[in-house]
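This report refers to the structure that appears directly beneath it.
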Amino acid sequence: MLAQDIIIKPLLTEKGYDGIADKKYTFIVAKSANKTEIKLAVEKLFGVQVANVNTVNCKGKLKRMGRNEGYTPDYKKAIVQLKADSKTIEFFDSLS
């Protein structure tokens, strides 16, 4: 799998914004990706050094529209902690 296929998009939430100061970044990643693949993909795409990766499988929420109901898609979330001497990810610098 290519690095662009593993990292789908950044996850921008209030809790995610709090981690930016500590060099913790949150991404939605491919469901089949493991921690090692995620670490290598982030290092390749952003040119940073990753200390550790935590992953969470998130289930979709039940949504209703009138009498019709369904679930939003399941996704996998990765919280990436950078090393202290690593540079930051430029995309997130403008958000904090």
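The values are calculated or read from the model by the stated rules, or taken from the named source; none is laboratory data. Fair warning: this is a prediction, and the values are worked out from it, not measured in the lab. Every residue, glycine as well, gets a Cβ built from its backbone with ideal geometry; the counts of neighbours run over all protein chains shown. What goes into the accessible areas is simple: the full protein's heavy atoms, side chains included, and nothing from ligands, DNA or RNA. Shrake-Rupley method; radii C 1.70, N 1.55, O 1.52, S 1.80 Å.
Consider segment 40-83. How many of its residues are farther than 22 Å from ILE20 by Cβ, part of a loop (DSSP other than H, G, I, E, B) and in contact with a strand residue (DSSP E or B) (Cβ under 9 Å, 6 or more places away or on another chain)?
Number satisfying all stated conditions: 5.
Could you go through segment 61-70 and let me know if any residue there is open to solvent by less than 80 Å² (accessible area, probe 1.4 Å) and in contact (Cβ under 8 Å) with a residue 12 or more places away in the chain. It would help to see each step written out before you state the result.
Applying the first criterion (open to solvent by less than 80 Å² (accessible area, probe 1.4 Å)) to segment 61-70 yields 66, 70.
Narrowing further to those that are in contact (Cβ under 8 Å) with a residue 12 or more places away in the chain: none.
No; the residues of segment 61-70 include none that is open to solvent by less than 80 Å² (accessible area, probe 1.4 Å) and in contact (Cβ under 8 Å) with a residue 12 or more places away in the chain.
Answer yes or no: is there a residue in segment 19-27 that is farther than 23 Å from ASP85 by Cβ, open to solvent by less than 80 Å² (accessible area, probe 1.4 Å) and either of a type outside the set (Val, Ile, Thr) or modelled with pLDDT of 95 or more (or both).
Restricting attention to segment 19-27, the residues satisfying the condition of being farther than 23 Å from ASP85 by Cβ are none.
No: segment 19-27 contains no residue that is farther than 23 Å from ASP85 by Cβ, open to solvent by less than 80 Å² (accessible area, probe 1.4 Å) and either of a type outside the set (Val, Ile, Thr) or modelled with pLDDT of 95 or more (or both).
If SER86 satisfies all but one of (1) assigned to a loop (DSSP other than H, G, I, E, B); (2) loosely packed, with under 10 Cβ neighbours inside 10 Å, what's the number of the condition it fails?
(2)
Identify all residues within segment 1-16 that are of a type outside the set (D, E, K, R) and in a helix (DSSP H, G or I); write none if there are none. Don't jump to the end; show me each part of the working.
Step one: of segment 1-16, the residues of a type outside the set (D, E, K, R) are 1-4, 6-8, 10-13, 16.
Within segment 1-16, ALA3, GLN4, ILE6, GLY16 qualify.
Is it the case, given these coordinates, that THR13 is surrounded by 13 or more Cβ atoms within 10 Å (Cβ to Cβ) and polar (S, T, N, Q)? Outline the logic, then answer.
On the way: surrounded by 13 or more Cβ atoms within 10 Å (Cβ to Cβ): no; polar (S, T, N, Q): yes.
When the stated conditions are applied, THR13 does not pass them.
What pairs come out if I take residues in segment 17-39 that are assigned to a strand (DSSP E or B) and pair them with residues that are hydroxyl-bearing (Ser, Thr, Tyr) and open to solvent by 20 Å² or more (accessible area, probe 1.4 Å) whose C-beta lies under 9 Å away, six or more apart or interchain?
Every condition considered, the pairs that remain are TYR25/THR88; THR26/THR13; ILE28/TYR75; VAL29/THR55; VAL29/TYR75.
Determine whether segment 34-54 contains at least one residue that is exposed (fewer than 10 other Cβ atoms within 10 Å of the Cβ) and of a type in the set (D, E, K, R). Break it down into steps so the answer makes sense when it comes.
Residues of segment 34-54 that are exposed (fewer than 10 other Cβ atoms within 10 Å of the Cβ), as a first pass: 36.
Still in the list and also of a type in the set (D, E, K, R): none.
No; the residues of segment 34-54 include none that is exposed (fewer than 10 other Cβ atoms within 10 Å of the Cβ) and of a type in the set (D, E, K, R).
Among the candidates LYS59, LYS15, which residue alone is basic (Lys, Arg), at pLDDT 95 or above and out of contact with any Leu (no Cβ under 9 Å at 6 or more places or on another chain)?
Details: LYS15 fails: at pLDDT 95 or above.
Of LYS59, LYS15, the one residue that is basic (Lys, Arg), at pLDDT 95 or above and out of contact with any Leu (no Cβ under 9 Å at 6 or more places or on another chain) is LYS59.
If you scan segment 61-78, which residues turn out to be basic (Lys, Arg) and more than 23 Å from VAL29 (Cα to Cα)?
ARG64, ARG67, listed by residue number.
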